[in-house]
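Peer 1: Sending over a structure as structure tokens; questions will come in a sec.
The numbers here are math on the coordinates, done by the rules we state, and not lab data. These figures come from a predicted structure and were not determined experimentally. All Cβ positions, even for glycine, are placed from backbone atoms using ideal geometry, and neighbour counts span all protein chains on display.
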């Protein structure tokens with residue numbers, strides 16, 4: 001089967017984010033025992049290549065925290081090759097709910113797609129949404145590469161998902177998924193990012209665990225923080 005014919009994935013859920021110190025991370029992981037399981041992949045390196053307009057319209061809008069925002073990215077698990085599967089994701093957030101469209105593809109097919117050469121997947125609603133997004137913004141180009149090392153936990157028989165991202169980092173040159181997993185750090189050493197992903201209400205045991213560890217919900221965008229740090233670097237060099 002051609003990569004452009006792979007099935008698509010649609011997700012709708014709440015995503016809650018928290019910044020954790022090293023001590024809070026260990027506290028949380030101990031508290032998850034008996035409630036959630038680490039997935040079979042263990043700790044996985046993930047790279048997400050964000051596309052934006054040349055004037056960074058998408059991320060400039062996002063950091064203003066509107067009720068609706070959207071972004072598009074190409075994700076790989078580990079270092080990609082020209083033939084390995086990668087995932088093009090259209091992610092929208094409206095009034096606290098995250099909607100994600102995702103299709104499996106390859107790096108060469110994505111390059112053709114953003115050059116305006118054909119569709120990204122078989123005909124259908126998801127293909128139309130992703131293609132309309134590309135055509136609406138026009139001139140979308142690779143703008144920032146975000147990399148991190150993720151541990152993902154799941155609730156047996158439930159919809160609760162939880163991820164801990166270690167050593168989040170970024171780069172704004174060598175913008176491809178096939179070269180390296182190196183980048184500039186987004187956080188101080190020892191800190192990590194917790195994301196809780198749930199379709200309904202958070203379970204009481206998890207709410208109590210977070211409260212006991214003084215783990216409070218915040219707002220953190222990896223791409224947004226990279227954009228902020230890059231702007232500071234530019235100003236410092238003027």
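Peer 1: Separation of region 15-42 and region 89-119 by C-alpha centroid, Å?
Peer 2: That distance is 29 Å.
Peer 1: Pairs of Cα atoms under 8 Å, at least six residues apart: use those to get the relative contact order of the chain, whole percent. Spell out each step's value before the answer.
Peer 2: On the way: 459 pairs, mean separation 70.0, N = 238.
After rounding, I find 29 percent.
Peer 1: Who wins for biggest fluctuation among 41, 170, 99 in a Gaussian network model of the chain, springs between alpha carbons below 10 Å?
Peer 2: Maximum fluctuation in the GNM of the chain, among the listed residues, is at 41.
Peer 1: Plugging the Kirkwood radius over Cα pairs into Stokes-Einstein for region 3-236, at a temperature of 20 °C and a viscosity of 1.002 mPa s, what D comes out in µm²/s? Numbers along the way, then the final one.
Peer 2: Numbers: Rh = 18.7 Å.
Taking Rh from Cα pairs, D becomes 115 µm²/s.
Peer 1: Specify the angular offset, from 0 to 90 degrees and rounded to the nearest 10, of the alpha carbon long axis of helix 222-236 from the longest principal axis of the alpha carbons in the chain.
Peer 2: 70 degrees
Peer 1: Which of rounded, prolate, oblate describes region 1-116, given a ≥ b ≥ c as roots of the alpha-carbon gyration tensor eigenvalues and a/c under 1.5 marking rounded, otherwise prolate only if a/b is larger than b/c? All intermediate terms of the calculation are to be shown ahead of the outcome.
Peer 2: Numbers: a/c = 1.99, a/b = 1.30, b/c = 1.53.
The shape class here is oblate.
Peer 1: Once both axes come from the Cα atoms, what is the angle between helix 125-137 and the longest principal axis of the chain, in degrees from 0 to 90, rounded to 10?
Peer 2: Roughly 70 degrees between the two axes.
Peer 1: Sort 18-24, 92-98 for me by packing, meaning the mean count of neighbouring Cβ atoms within 10 Å per residue, highest on top.
Peer 2: Numbers: 18-24: 16.3, 92-98: 12.6.
Going by the mean number of other Cβ atoms within 10 Å, highest first, we get 18-24, 92-98.
Peer 1: Still on this structure, please answer the following. Going by a ≥ b ≥ c, the root eigenvalues of the Cα gyration tensor, does region 54-178 fall in the rounded group (a/c under 1.5), the prolate group (a/b larger than b/c) or the oblate group? Before the final figure, lay out the partial values.
Peer 2: Values: a/c = 1.28, a/b = 1.18, b/c = 1.09.
Because its axes are fairly even, with a/c under 1.5, region 54-178 counts as rounded.
Peer 1: Rank these for me by crowding, 61, 105, going from fewest to most other beta carbons within 10 Å. Present the calculation step by step, with values, prior to reporting the outcome.
Peer 2: On the way: 61 14, 105 22.
Ranked by crowding around the Cβ, least crowded first: 61, 105.
Peer 1: Still on this structure, please answer the following. Considering the chain as a Gaussian network with a 10 Å cut-off on Cα pairs, which listed residue, 204, 16, 74, attains the greatest mean-square fluctuation?
Peer 2: Of the options given, 204 has the highest mean-square fluctuation.
Peer 1: For a quick check, take a GNM of the chain with Cα springs below 10 Å and name the residue from 15, 82, 70 with the largest mean-square fluctuation.
Peer 2: 82
Peer 1: Mind jotting down the distance between the C-alpha centroids of region 46-74 and region 180-202, whole Å?
Peer 2: Going from one Cα centre to the other spans 17 Å.
Peer 1: Between helix 22-32 and the chain, what is the angle of the helix's C-alpha long axis to the longest principal axis, kept within 0 to 90° and rounded to the nearest 10?
Peer 2: Helix 22-32 and the main axis of the chain meet at about 80 degrees.
Peer 1: Moving to a separate point now. Need one number: convex hull volume per residue for region 145-195, Cα atoms only, in Å³.
Peer 2: Values: hull volume 4.7 nm³, N = 51.
Cα convex hull per residue, to the nearest whole number: 92 Å³.
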